[in-house]
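Student: Take this structure, written in structure tokens, and hold onto it; I'll ask about it next.
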Amino acid sequence: MIKALRGMKDILDPKFLKIFDTAREVAENYGFEYIETPILEETSLFKRSVGEASDIVNKEMYQFIDKGGNDVCLRPEGTAGVVRSFIEHKFDRAGSPKRFWYFGPMFRYERPQKGRFREFHQFGVESFGTSSIYEDINIISMAADIFERLGIEYTLKINSLGCPKCMPSYKEKLVEFLNEHKNELCEDCQRRINQNPIRTLDCKNQSCQAILKDAPKITDNLCEECNSDFEKLQNGLKSLEIPYEIDKHLVRGLDYYTKTTFEFISNKIGAQSAIAGGGRYDRLVEFLGGKPTPAVGFAIGVERIMDLVEDKKERKGIYMGALIEEAIPFIQKHAKKAREDKKVFVEPNIKSLKAHLKAADKGNYKIAMIVGEDELKKGEFFIKEL
Ligand code: HAM
């Protein structure tokens, strides 16, 4: 028997669509428009955006050479493709803000476990063209609204990574600290000292964390503007009554972030507890060859929240069934009309009344409408509410 690949699965749960519908409605209510980008992109796009030193690019890409000799890979995340498209369609030149939402599969060759898959789905948004901290608040508020509508409890963690003004001098301080403790750090962190020192801050290794708790913190080293924005961000969240915690080690696993980073966490789903992540990436458009354009966004991990969505099994729609074959065309005609505004299922097989009612009940329909010989003669239905 051929089975789905390890870490990939069929989606048979209607909650998947409920998440999509809810997130889409909220994003559109915030003034965001739909974008769909290809699942396959040039590998260099992710190397340059997500970062060559990141685990995603280093270890987790579904990368191959296609028949034309191009180095391509299945997208591990959505932001890079949206940025590529933004530049390719010259929205960076137009200079006016653009706000997109998207939904689709992402691929990371990770070790599968609960909540961690090799194919998973993200609902994401990306806002281009505004550096205002109030857009960061809009974005976080949108994610919070989506979770609220879906009945999901969360903890929001925020941090600031600073900007090109304050980040380099902070990095120097951090590297100095890391070099002083080099021998006590794990191999990965030793490598990161030169490649990407701030990634040491979220090392999962407990002994590294014990040392890093005394490391200099970026939030204590922000420039005036970044500091004032970080304060405005917190005040904005307070005024919207969105609870948050500051996590000074929240640097995220993708290299493109500047200033605000955030993550939504659930304590109900085990070790893979991040249900959404995002932040500001003011330099990425320029880095990928576009005109400098500030940007901010997030992505929700759809599979991670499936079990958290309330499963209200409301009865819905109409089940129509026939006791004799001659009644089926009559039923189909009525069903076609009723479907203009209702869900109507027509059972194509002849069954007894009892069997029809049982099927309608099992299918979670609200109403069963059955036609036998008598009903057909009168042009009527036998109607039962379930
Ligand atoms: P990310 O944190 O890598 O960010 O992924 C976002 C969310 O996708 C995670 O919080 C998690 O819920 C889900 N996720 C990630 N990996 C897996 C996996 N292997 N299995 C199941 N779910 C997973 C990004 O991808 C950024 N592009 C977000 C962003 C948008 N930043 C700015 N704009």
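The values are calculated or read from the model by the stated rules, or taken from the named source; none is laboratory data. Computed from a prediction, not measured in an experiment: that's the story for all the values here. When we count neighbours, we look across all protein chains shown, and the Cβ atoms used for this are built from the backbone with ideal geometry, even at glycine. Protein only, heavy atoms only, side chains kept; ligands, DNA and RNA dropped before computing areas. Shrake-Rupley method; radii C 1.70, N 1.55, O 1.52, S 1.80 Å.
Student: Suppose a student asked you for the relative contact order of the chain, using Cα pairs under 8 Å spaced at least 6 residues apart; what percent would you report?
Tutor: Values: 675 pairs, mean separation 66.0, N = 386.
Averaging sequence separation for qualifying contacts and normalising by length gives 17 percent for the chain.
Student: Could you state the accessible area per residue of the chain in Å², with a 1.4 Å probe and every protein chain left in place? Present the calculation step by step, with values, prior to reporting the outcome.
Tutor: On the way: 20240 Å² over 386 residues.
For the chain, the per-residue accessible area is 52 Å².
Student: How big is Rg to Rh over the stretch 145-292, alpha-carbon atoms, Rh as the Kirkwood inverse-mean-distance radius?
Tutor: Values: Rg = 16.3 Å, Rh = 16.6 Å.
Computed over Cα atoms, the ratio is 0.98.
Student: Before rounding to the nearest 500, sum -39500 (n - 2.57) across all DSSP H runs of length at least 4 in the chain and divide by the residue total; then give [θ] at 222 nm in deg cm²/dmol. Please report the intermediate quantities before stating the final value.
Tutor: Numbers: 15 runs with 141 residues, N = 386.
So the helix-based figure for the chain works out to -10500 deg cm²/dmol.
Student: Nearest 20 debye, what's the magnitude of the dipole of the stretch 318-385 about its Cα centre given +1 on Lys and Arg Cβ and -1 on Asp and Glu Cβ? Don't jump to the answer; show the numbers that get you there.
Tutor: Numbers: 14 positive and 11 negative charges, 55 e Å.
The calculated dipole for the stretch 318-385 is roughly 260 debye.
Student: For the stretch 259-386, what percent of Cα pairs sit more than 18 Å apart?
Tutor: Values: 5458 of 8128 pairs.
In whole percent, the long-distance tail amounts to 67.
Student: Which GluC sites (Glu not before Pro) does the stretch 181-276 hold that lie in a coil by DSSP with at most 15 other beta carbons within 10 Å? Can you show the working numbers first?
Tutor: On the way: sites: Glu184, Glu187, Glu224, Glu225, Glu231, Glu241, Glu245, Glu263; in loops: Glu241.
Sites meeting the loop and neighbour criteria: Glu241.
Student: Can you tell me what percent of all Cα-Cα pairs in the stretch 318-385 are more than 15 Å apart?
Tutor: Working: 993 of 2278 pairs.
It works out to 44 percent of all Cα pairs.
Student: List the cysteines in the chain whose Cβ has no other cysteine Cβ under 4.7 Å from it.
Tutor: Cys73, Cys163, Cys186, Cys189, Cys226
Student: With a 1.4 Å probe and all protein chains left in place, how much of the accessible area of the chain comes from carbon and sulfur atoms, in whole percent?
Tutor: Values: 9780 of 20240 Å².
That share works out to 48 percent.
Student: Cα gyration tensor of the stretch 100-166, axes a ≥ b ≥ c as square roots of the eigenvalues: rounded (a/c below 1.5), prolate (a/b > b/c) or oblate?
Tutor: Values: a/c = 1.78, a/b = 1.43, b/c = 1.24.
Verdict is prolate for the stretch 100-166.
Student: Right, another one. If you split all Cα-Cα distances of the chain into 10 Å bins from zero, what percentages do you get per bin, shortest first?
Tutor: Once binned at 10 Å, the Cα pair distances of the chain give 5, 19, 26, 21, 12, 8, 6, 2, 1, 0.
Student: Give the angle, between 0 and 90 degrees and rounded to the nearest 10, that separates the Cα long axis of helix 167-180 from the longest principal axis of the Cα atoms of the chain.
Tutor: Orientation of helix 167-180: about 70 degrees from the principal axis.
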